[in-house]
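The values are calculated or read from the model by the stated rules, or taken from the named source; none is laboratory data. Keep in mind it's a predicted model, so treat the numbers as computed, not measured. Cβ placement follows ideal geometry from the backbone for every residue including glycine, while neighbour counts extend to all protein chains displayed.
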Amino acid sequence: MKYIFVFGMMVMLSVVCGGADADELVISFLSNEQGNYEIFVVDVAGTVLDRFETDPMQKSGLTWSPDPNVFGFSSGADGNLDVYKMDLREKKPIRLTFHEERDLRPTWSPNGKWIAFISDRNGKHDVFRIDADGANLTQLTNEGHCGMPTWSPDSKWIAVDIDHDVLNAIYIMNAEGDALRQVTGDLPLLGGGLCWSPDGERLAYVAGRFGQEAINVFTIGVDGEDKQRLTDLGIGLRAGFPAWSPDGKWIAYSVVPLFGGDSTVYVIRSDGVGIGKALEETAGLSVGHVSVWRYGSFFWASPEMGSSWVTWGAVKAGL
């Protein structure tokens, strides 16, 4: 696979090379395409702009802290899945959870205070919360069969899908685990991730009947009204892990064959106008992309480039 690298270096937050715009949007995700786990960054045209080396430790579930140097993830490197964080400048994993059962699917609150995650330490998949340093473990649900949690933009609410045997439903609760309410009716095969819109008014999720239809991306109001279908994948394909862009205009999601294979990142307008566009350069970079949007100015340069910022411009033509 050929990679195209576009570097724009901003020293002292002022000098930008190559016409790159620090305020343009980029998409980041974890990949083990070359055997080591790295963070890839692509623009909304699909050009691979850079990749950050981390360390060889197995990683999944990328989540960024508000500090552009620090990200969270889950890893089974110590024998079972636990939640970790890492500073890109130091590349040293810091373990945040310590339990013989699995802790996975971490998500950092936008205010930087907490990390929510799923754990089966009580015999079923429930949502837990820790402080960003791993302290103050708090169980937020006692429902079991919870999917990946996602924070509202103001960090006051958490949305999560909960499995009701064959069908799932989306619920919302506050950051303390109280005021749990059901947003949707039971939906087929929902558990492929969900996310909030940046204005906090809508949720994006995936649903579809396994083996009978494609798994597509939908949005719905947090009040449970105004459900909209965004994608129209053919049978045999599965969308997953929708991610809303910070400007509210786009949703990124992964597409993978229903019974396994390489995934590709797609983007589509959040208002449903037009069709999803495949970012072809991302094909095969990981088994299942969990995309995270950021502005180009968010990212810190790798240590070998010193204390400079790396910025990227997004090519939106044709979207």
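Can you list residue pairs whose Cβ atoms sit under 7 Å apart, with the first residue in segment 269-282 being under 19 Å from residue 237 (Cβ atoms) and the second being in a loop (DSSP other than H, G, I, E, B) and at pLDDT 90 or above? Count only pairs 6 or more apart in sequence or on different chains.
272/230; 276/231
Specify the residue that is modelled with the highest pLDDT; the eligible residues are those in segment 4-16 that are assigned to a loop (DSSP other than H, G, I, E, B) and loosely packed, with under 13 Cβ neighbours inside 10 Å.
The extreme case among them is 4.
Take the residues of segment 118-127 that are modelled with pLDDT of 95 or more and farther than 11 Å from residue 158 by Cα: which is surrounded by the most Cβ atoms within 10 Å (Cβ to Cβ)?
118
Looking at 208, 177, 240 in this structure, which one is of a type in the set (Gly, Ala, Ser), buried (at least 17 other Cβ atoms within 10 Å of the Cβ) and closer than 19 Å to residue 115 by Cα?
Checking each option against the conditions leaves just 177.
Taking the residues in segment 27-67 that are under 29 Å from residue 155 (Cβ atoms) and of a type in the set (Gly, Ala, Ser) as candidates, determine which candidate is surrounded by the most Cβ atoms within 10 Å (Cβ to Cβ).
So the residue we want is 28.
Restricting segment 119-154 to residues that are of a type in the set (Ser, Thr, Tyr) and farther than 17 Å from residue 96 by Cβ, which is farthest from the chain's Cα centre (by Cα)?
To start, the set of residues in segment 119-154 that are of a type in the set (Ser, Thr, Tyr) comprises 119, 138, 141, 150, 152.
This time we only want the ones that are farther than 17 Å from residue 96 by Cβ, so: 141, 150, 152.
Working: 141: 21, 150: 9, 152: 13 Å.
Checked segment 119-154; the qualifying residue farthest from the chain's Cα centre (by Cα) is 141.
Go through segment 217-299 and tell me which strands (runs of 3 or more DSSP E), entirely inside it, have 2 or more residues that are at pLDDT 90 or above, of a type outside the set (S, T, N, Q) and within 22 Å of residue 185 (Cα to Cα).
Filter on segment 217-299 gives 237-244.
Looking at segment 128-150 only, could you name the residues that are in contact with a Ser or Thr (Cβ under 8 Å, 6 or more places away or on another chain), surrounded by 22 or more Cβ atoms within 10 Å (Cβ to Cβ) and in a loop (DSSP other than H, G, I, E, B)?
148, 149
Of all residues in segment 195-219, which are within 18 Å of residue 151 (Cα to Cα) and not hydrophobic (A, V, I, L, M, F, W, C)?
Result: 197, 198, 199, 200, 201, 202, 205, 219.
Test residue 217 against the stated conditions and say whether it is buried (at least 18 other Cβ atoms within 10 Å of the Cβ) and not small (Gly, Ala, Ser).
When the stated conditions are applied, residue 217 passes them.
Being under 17 Å from the mean Cα position of the chain (by Cα) and of a type outside the set (A, V, I, L, M, F, W, C) is the filter; apply it to segment 155-167 and report the residue that is surrounded by the most Cβ atoms within 10 Å (Cβ to Cβ).
Here the answer is 161.
For the list (1) closer than 22 Å to residue 294 by Cα; (2) crowded, with 22+ Cβ neighbours inside 10 Å, I need the number of the one condition that residue 82 fails.
Of the numbered conditions (1) closer than 22 Å to residue 294 by Cα; (2) crowded, with 22+ Cβ neighbours inside 10 Å, the odd one out for residue 82 is (1).
Filter segment 68-78 for residues that are in contact with a strand residue (DSSP E or B) (Cβ under 6 Å, 6 or more places away or on another chain) and surrounded by fewer than 22 Cβ atoms within 10 Å (Cβ to Cβ) and give the result.
The initial filter retains those residues of segment 68-78 that are in contact with a strand residue (DSSP E or B) (Cβ under 6 Å, 6 or more places away or on another chain), namely 68-75.
Of everything in segment 68-78, those that are in contact with a strand residue (DSSP E or B) (Cβ under 6 Å, 6 or more places away or on another chain) and surrounded by fewer than 22 Cβ atoms within 10 Å (Cβ to Cβ) turn out to be 68, 69, 70, 75.
Out of the residues in segment 184-205 meeting the condition of being at pLDDT 95 or above and either in a loop (DSSP other than H, G, I, E, B) or among the β-branched types (Val, Ile, Thr) (or both), tell me which one is surrounded by the fewest Cβ atoms within 10 Å (Cβ to Cβ).
Filtering first and then ranking leaves 199.
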